[in-house]
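For reference, the structure discussed in these notes is given below.
The values are calculated or read from the model by the stated rules, or taken from the named source; none is laboratory data. On a predicted model such as this, the values are computed, not experimentally measured, just so you know. Cβ coordinates were reconstructed from backbone atoms using ideal geometry, including for glycine residues, and neighbour counts include every protein chain displayed.
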Amino acid sequence: MTDTVSRESRPSPAGHRPTRTRRALAFVRNTWRGLTSMRTALVLLFLLALAALPGALLPQRELNASETASYIEEHGWWGRLLDRLQFFDVYSSVWFSAIYLLLMVSLVGCLLPRTTEYLRAMRAGPVLTPRNLARLPHHVRAETDATPEEVLATARKRLRGWRTVEREEADGVRSLSAERGYLREAGNLVFHFGMLGLIVAFALGAMYSYEGQVIVHADGQEFCNSGTFNYDSFDPGLRVDGTRLSPFCVRVNDFDATYTGVGQPIAYEADIQYQSGADLESGTWRPYHLEVNEPLRTAGDRVYLLGHGYAPTFTVTYPDGDVRTKTIQWRPSDETTMLSQGATKFDPPGVTDSERRREQQLAITGLFAPTAAFHGDILTSTHPGLNDPAVAVDVMRGELAVEAGRSQSIFGIDQSMVEAGRLERVARENLRVGEEITLADGTRISFDGVDQWASLQVSHDPTQVWVLGFAVAMFVGLGASLAVKRRRFWVRVTPAAPDDDDLRRTVVELGGLARTDQAGYGEEFTVIAGDLLHREPEGGKAR
Amino acid sequence: MPVDETLSQFSDWSYTTAVAVYVLAMVFFLVEQSFGRKGRQAAARTRDERLATASASGGGGSAPVTVLTAKGMTTGASDPSREQRTRPERLGRMGVALTVLAVLLHLAALVLRGMATSRVPWGNMYEYIMAICLVTVIAWLVMLRRYPVRHLSAFVLLPVVILMFVGGTMLYAVAAPLQPALQSYWLVIHVAAAAASSGVFLVPGVASLLYLVRARHERNPASFSRFGPRLPALEVLDRIAYRTTVFAFPVFTFGVLCGAVWAEAAWGRFWGWDPKETVAFVAWVVYAAYLHSRATAGWRGTRAAAINVVGFAVTVFNLFFVNLVSAGLHSYAGVS
Ligand code: HEM
């Protein structure tokens with residue numbers, strides 16, 4: 001701004017240039033004025049609200065990628081169009097960012113002049129008493145036997161807490177201006193600056209934060225925040241490359257879920273141990289009781305207990321006597337009964353020829369129920385607790401294609417292999433703990449038991465304390481700006497002039513103006529005026 | 001903690017009775033609105049207020065004072081209650097008495113729910129709606145003491161009765177303990193703030209709707225020709241809307257803030273554009289726009305009222321659509 005002004009006032013040597021420059025500058029200035037006007041802010045606020053709304057109505061990729069993908073699929077060209085217009089990434093879309101950047105500019109442009117004006121007003125004190133107090137919304141004119149000095153003394157006493165200024169006017173007339181409620185504007189500025197700070201901190205947070213999820217078996221398995229490869233999924237901010245994570249380790253010793261009789265969860269809790277900082281070198285583990293709502297806070301990160309599930313243990317005994325045991329997490333497909341799905345995969349032991357090994361792979365896939373109920377042969381679960389576990393599995397043999405480049409879900413098998421006939425079902429069975437299947441070639445598969453796993457989330461956000469600080473500032477500022485009322489009050493006393501018929505007594509004029517919330521000032525003005533004038537009007541009926 | 005079935009049963013009865021009494025009160029208010037002279041009087045009185053006579057009260061001071069002229073000073077001199085009451089007005093007063101009775105029953109239902117489950121009684125949508133409606137009616141009773149708008153009570157009770165009916169039938173949830181995610185003292189603070197602000201927001205919503213009706217009538221006397229004149233002056237409706245919004249907005253802000261702090265502890269991030277969070281944000285921005293519009297030339301009055309109605313719509317949308325239709329983290333509705 002200062003730059004613009006100084007350049008404009010500089011005399012220009014060129015011929016036609018100045019008008020064009022001036023016109024351009026006028027354009028810039030008008031744009032700036034328009035952008036920082038209250039009306040623009042209002043319109044931008046509306047646009048922001050409107051732009052945020054699709055995020056609540058449409059699935060968002062950031063929150064649920066698979067739901068988003070299937071939504072796009074279902075809606076054909078319309079889905080693709082919405083996708084191209086970034087409707088599935090609303091909060092990082094160009095248009096959303098544009099609106100809030102404009103709002104920021106508007107906010108800054110509005111705050112700077114208001115701050116200077118506020119400081120000036122604070123220094124200048126209450127404004128001059130208007131010449132004609134009768135024009136004000138609140139006004140009383142009265143006569144009293146008290147002297148002007150007495151009236152002003154009373155006023156000074158009554159208006160303690162207000163900022164006041166007394167002035168001498170012509171002919172011995174004296175006046176007092178009082179103003180109250182400066183805190184309102186201060187609160188308002190704090191609120192808006194707080195909002196500005198919050199938006200900046202929020203944006204920085206999006207760049208420097210990260211979030212990772214990992215499933216850890218509740219049998220003493222460890223997880224270390226030493227690299228992104230340790231996570232099952234990792235979501236870095238724009239400026240996070242995953243190389244410098246805060247180092248700490250967590251070990252999950254036990255997980256416990258408590259349910260009511262009808263299966264409503266009452267508590268999830270995990271007994272964990274962790275080490276960070278110096279403990280990493282000394283090898284010290286500290287205990288922590290991890291619960292929902294009670295994250296572990298260590299090394300500047302937070303560790304949350306997000307979910308849980310079951311991991312059935314299967315043992316395969318090969319015809320040649322080789323034994324392999326695996327406990328792999330299965331994924332709950334129904335959160336209320338914890339009926340779970342998954343695939344436990346085995347490589348044949350002792351086979352070195354990779355071609356043959358691939359043809360001899362086994363997968364045990366199907367359903368797991370913590371509290372089993374069979375409808376005929378169909379397995380369901382009636383309760384999420386581990387009361388009577390059973391599995392309903394298909395045993396598949398052939399080529400799992402785990403190594404084949406394409407990333408494969410650990411919870412399922414590659415259906416295209418089944419369709420291609422390279423992966424074949426060799427058994428289908430329902431098993432309770434301790435039961436086993438024997439395949440045609442003599443391989444035995446037993447269901448040995450169940451482990452629990454906990455899904456942990458690690459979150460890192462260096463700016464969230466700042467966001468909280470700004471939010472609290474906003475709240476406090478808002479309170480002040482809405483609760484404090486700005487009022488002006490004026491007293492003008494005209495001394496008695498013994499020789500003038502009209503003025504045998506002191507004339508007191510009071511005026512009041514509410515800068516905010518006009519409606520509330522009436523009663524307050526009446527009370528103050530009453531206190532100053534001290535007396536019921538004696539039949540002196542007013543208009 | 002086991003659930004006390006008896007208390008829960010008493011709570012349900014109390015709830016049902018409260019709704020019935022609200023309906024009865026509503027009928028009384030409708031009679032007053034339709035046949036009473038209150039409406040016109042109310043409008044007339046607000047006009048007079050501005051020209052009210054002065055009374056400089058205060059204990060015996062020293063110097064005698066004669067007030068020559070005064071304006072903008074209020075007075076408590078004229079007491080309308082001394083005028084003869086018509087039958088519709090008596091019905092209106094009975095309506096208030098019934099409303100107070102219903103509020104007590106309503107409060108009892110909420111408290112009994114809490115005692116039955118040994119927790120705060122706003123852990124599912126049924127209870128949440130019950131709490132919101134209670135706040136609305138209490139806020140309205142407070143307004144009644146300040147402004148001559150008793151005959152409008154039916155318009156506030158109508159949404160309350162509808163909400164409570166929907167809550168008590170379609171969204172009813174058996175008294176039960178809380179799921180783990182809700183076991184936090186933040187439930188007490190965050191949801192109390194959300195319920196209080198949403199409840200109060202209902203009042204400016206209704207007031208602003210009536211404002212729009214009245215403004216339309218004033219522009220064109222042919223529209224709402226019977227209904228329009230019975231509404232109080234625009235100023236009164238605007239003041240009610242503004243005062244209640246100015247009260248509810250910081251409470252709402254506080255609720256959102258606490259929600260963010262809780263989300264940080266429960267879900268791993270303080271803000272994640274979950275549908276509930278998003279719509280709360282939208283509602284917050286709309287109400288901020290309302291406050292701005294009242295400070296912007298050309299936006300006061302009708303536009304401000306329209307914005308407040310939008311805010312009201314967003315609030316209701318947040319209550320129903322987001323809890324029942326969309327699948328977010330806030331699906332504590334208890335209706336599956
Ligand atoms: C997200 C953006 C904004 C929000 C949420 C917001 C919120 C608020 C709130 C709650 C108030 C108090 C209203 C009152 O005192 O009655 C206020 C006042 C004010 N805001 Fe903003 N504001 C925003 C942006 C802006 C911008 C960009 C400007 C400038 C162009 C602005 C200018 C003002 C002014 C001048 C007031 C004083 C109103 C009065 O005198 O009461 N605001 N704002």
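Scan the stretch A:136-156 for residues that are touching a strand residue (DSSP E or B) at 6+ places or on another chain (Cβ under 8 Å), more than 7 Å from every other protein chain (Cβ to nearest Cβ) and closer than 21 Å to A:ARG487 by Cα and jot them down.
Listed by number, the residues that qualify are A:LEU136, A:VAL151, A:LEU152, A:ALA155, A:ARG156.
Specify which of the listed residues (B:LEU171, B:LEU141) is in contact (Cβ under 8 Å) with a residue 24 or more places away in the chain, in a loop (DSSP other than H, G, I, E, B) and away from every other protein chain (no Cβ under 14 Å).
B:LEU171
So, in the stretch A:291-340, how many residues would count as being within 14 Å of another protein chain (Cβ to nearest Cβ), within 24 Å of B:LEU182 (Cβ to Cβ) and part of a strand (DSSP E or B)?
12
Within the stretch A:155-172, identify whether any single residue is over 46 Å from the mean Cα position of the chain (by Cα) and surrounded by 20 or more Cβ atoms within 10 Å (Cβ to Cβ), and answer yes or no.
The answer is yes, given that some residue of the stretch A:155-172 is over 46 Å from the mean Cα position of the chain (by Cα) and surrounded by 20 or more Cβ atoms within 10 Å (Cβ to Cβ).
When you go through B:LEU212, B:LEU231 one by one, which is the residue that is modelled with pLDDT under 90 and more than 9 Å from chain A (Cβ to nearest Cβ)?
Result: B:LEU231 is the single residue among B:LEU212, B:LEU231 that is modelled with pLDDT under 90 and more than 9 Å from chain A (Cβ to nearest Cβ).
All but one of (1) in a strand (DSSP E or B); (2) within 16 Å of the ligand (Cβ to nearest atom); (3) under 31 Å from the mean Cα position of the chain (by Cα) hold for A:THR258; state the number of the condition that does not hold.
It fails just one condition, (2).
Within the stretch A:59-73, take every residue that is at the interface with another protein chain (Cβ under 10 Å from one of its Cβ atoms) and at pLDDT 85 or above and give me the one that is farthest from the ligand (Cβ to nearest atom).
Among those residues, the one meeting the criterion is A:PRO59.
Any residue in the stretch B:245-265 that's closer than 14 Å to B:LYS276 by Cα: show its pairings with residues that are among the hydroxyl-bearing types (Ser, Thr, Tyr) at Cβ separation under 6 Å, as long as the two are six or more apart or on different chains.
B:PHE252/B:SER197; B:GLY255/B:SER197
With the checklist (1) part of a loop (DSSP other than H, G, I, E, B); (2) under 26 Å from B:ARG239 (Cβ atoms) in hand, flag the one item B:ALA154 doesn't pass.
(1)
Okay, residues lined up against (1) within 14 Å of another protein chain (Cβ to nearest Cβ); (2) at positive phi; (3) surrounded by fewer than 16 Cβ atoms within 10 Å (Cβ to Cβ):
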| site | (1), (2), (3) |
| --- | --- |
| A:GLN408 | no, no, no |
| A:ARG425 | no, no, yes |
| A:THR443 | no, no, no |
| A:ALA454 | yes, no, no |
| A:SER459 | yes, no, no |
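Check the stretch A:84-93 and report whether any residue there is within 16 Å of the ligand (Cβ to nearest atom) and touching a Leu at 6+ places or on another chain (Cβ under 6 Å).
No, that holds for no residue.
Which of (1) part of a strand (DSSP E or B); (2) more than 14 Å from every other protein chain (Cβ to nearest Cβ); (3) acidic (Asp, Glu) is the odd one out, the single condition A:GLU269 does not satisfy?
Among (1) part of a strand (DSSP E or B); (2) more than 14 Å from every other protein chain (Cβ to nearest Cβ); (3) acidic (Asp, Glu), the lone unmet condition for A:GLU269 is (2).
Among the listed residues B:ILE189, B:ILE162, identify the single one that is part of a helix (DSSP H, G or I) and free of Cβ contacts under 8 Å to residues at least 24 places away in the same chain.
Going through B:ILE189, B:ILE162 in turn, the sole match is B:ILE162.
How many residues, within the stretch A:101-133, are surrounded by fewer than 12 Cβ atoms within 10 Å (Cβ to Cβ) and either within 12 Å of the ligand (Cβ to nearest atom) or within 14 Å of chain B (Cβ to nearest Cβ) (or both)?
Looking only at that region, the number is 3.
Inside the stretch A:314-340, can you point out the residues that are touching a residue at least 12 places away in the same chain (Cβ under 8 Å) and at positive phi?
A:MET338
Residue by residue, here is whether (1) within 21 Å of the chain's Cα centre (by Cα); (2) assigned to a loop (DSSP other than H, G, I, E, B); (3) not assigned by TED's automatic domain parsing to the domain that holds B:LEU291 holds:
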residue	(1), (2), (3)
B:SER208	yes, no, no
B:ARG214	yes, no, no
B:SER225	no, yes, no
B:PRO250	yes, no, no
B:LEU257	no, no, no
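Would you check which residues across the stretch A:187-209 are closer than 30 Å to A:ARG244 by Cβ and either within 11 Å of the ligand (Cβ to nearest atom) or away from every other protein chain (no Cβ under 14 Å) (or both) and list them?
Across the stretch A:187-209, the qualifying residues are A:LEU196, A:GLY197, A:LEU198, A:ILE199, A:VAL200, A:MET207.
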